[in-house]
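Comments concern the structure below.
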Amino acid sequence: MIGVLVSGHGSNLQALLDAGLPVGAVASNRKAAYALERARTAGVPTATFSLECFVDREERDLVMASWLEEHEVELVVLAGYMHLLTRPFLQRFPDRIVNVHPSLLPAFPGVHAIDDALGAGVETTGVTIHRVDEGIDTGPVIAQEQVPVEPRETLVERIHAVEHRLLVEAVRTLCPVAR
Ligand code: GRF
């Protein structure tokens with residue numbers, strides 16, 4: 001099963017669901033994340049692990065990891081999940097956590113990747129799917145695709161379209177039950 005961590009709108013989660021991939025659990029740090037609504041609509045179990053309910057991030061991550069394991073999750077996908085994961089969580093899913101990021105890493109890590117690429121005046125940016133480690137968008141790259149910045153009015157939309165396709169392709173190759 002695939003476990004998906006979300007914080008926001010959930011369009012990448014929707015792409016995984018629409019592709020028929022075996023999403024067995026969706027967890028969020030934010031109760032109000034619209035992504036949770038998408039999961040519920042698809043009949044997928046959801047849970048929220050707000051930081052304020054735990055002593056610290058490590059404890060939150062351990063409880064979240066246990067919940068994912070209870071749902072037989074083998075591969076964890078970060079789809080717009082806006083918190084860093086702590087070492088105890090990473091150790092529970094070694095080499096089995098992937099993230100989708102809207103730039104050609106290592107260029108423009110962090111939460112403002114599209115704006116940062118625009119600000120830097122690059123002609124080409126893109127999308128990266130990578131394994132997750134303790135850094136901010138630093139794990140080994142699995143797949144990348146370039147996206148031209150112009151026309152910039154449609155850049156965000158074009159990046160998201162590439163994200164949805166590339167994430168589904170990468171998860172298909174990583175998730176044994178989905179092959
Ligand atoms: C995506 O651009 C993803 O790359 C970034 O956050 C955004 C999440 O979008 N990490 P959504 O919640 O999947 O619609």
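The values are calculated or read from the model by the stated rules, or taken from the named source; none is laboratory data. Everything numeric in this text was worked out from a predicted model, so none of it was measured. Methodologically, a virtual Cβ is constructed for each residue, glycine included, from the backbone with ideal geometry; neighbour enumeration extends over all protein chains shown. Only protein heavy atoms, including side chains, enter the accessible area calculation; ligands, DNA and RNA are left aside. Shrake-Rupley method; radii C 1.70, N 1.55, O 1.52, S 1.80 Å.
If the only charges are +1 at each Lys and Arg Cβ and -1 at each Asp and Glu Cβ, what is the size of the charge dipole of segment 1-101 around the Cα centre, to the nearest 20 debye?
Using Cβ point charges on Lys, Arg, Asp and Glu, segment 1-101 gives about 260 debye.
For Ala15, what charge total do you get from the other residues with a beta carbon under 15 Å from its beta carbon, if Lys and Arg give +1 and Asp and Glu give -1?
That sum, taken over residues with Cβ under 15 Å, equals -1.
If we count every other residue with Cβ under 14 angstrom of Val63's Cβ, Lys/Arg +1 and Asp/Glu -1, where does the sum land?
Combined, the nearby Lys, Arg, Asp and Glu give -4.
I'd like the distance between the alpha-carbon centres of segment 103-179 and segment 60-97, rounded to an integer number of Å.
Measuring centre to centre over Cα atoms gives 21 Å.
Under 5 Å between amide hydrogens, which residues at least 5 positions from Val147 or on another chain qualify, with H placed 1.01 Å from N in the peptide plane?
Those qualifying (amide H under 5 Å, at least 5 residues apart or on another chain) are Thr125, Gly126, Val127.
Can you list the HN-Hα couplings for segment 161-175, worked out from phi with the Karplus curve (6.51, -1.76, 1.60; θ = phi - 60°), rounded to whole Hz and with x for Gly and Pro?
For segment 161-175, the Karplus curve yields 4, 5, 3, 4, 6, 5, 5, 4, 4, 5, 5, 4, 6, 8, 9 Hz.
Rounded to the nearest 500, what is the 222 nm mean residue ellipticity of the chain from helices alone, with -39500 (n - 2.57) per DSSP H run of 4+ residues and division by all residues?
Calculated mean residue ellipticity at 222 nm is -10500 deg cm²/dmol.
Amide H to amide H, which residues 5 or more places from Leu78 or on other chains are under 5 Å from it, using H placed in the peptide plane?
Leu5, Val98, Asn99, Val100
Taking a ≥ b ≥ c as the square roots of the eigenvalues of the Cα gyration tensor of segment 103-175, is the shape rounded (a/c under 1.5), prolate (a/b larger than b/c) or oblate?
oblate
Calculate how many DSSP beta bridges within the chain are antiparallel, expressed in % of all such bridges and rounded to the nearest 5.
40
Filter the chymotrypsin sites (Phe, Trp or Tyr not before Pro) in segment 24-81 down to the DSSP loop ones having no more than 15 other Cβ atoms within 10 Å, then list what survives.
Phe54
Over the chain, give the accessible area per residue in Å² for a 1.4 Å probe, as an integer.
With the other protein chains kept in place, the chain gives 48 Å² per residue.
Just want to confirm a number: the relative contact order over segment 39-96, from Cα pairs under 8 angstrom separated by 6+ residues, in percent.
33
What does the charge add up to near Cys53, with Lys and Arg as +1, Asp and Glu as -1, over the other residues with Cβ less than 15 Å from its Cβ?
Charge balance in the 15 Å sphere: -1.
Share of the chain's accessible area from carbon and sulfur, percent, 1.4 Å?
53
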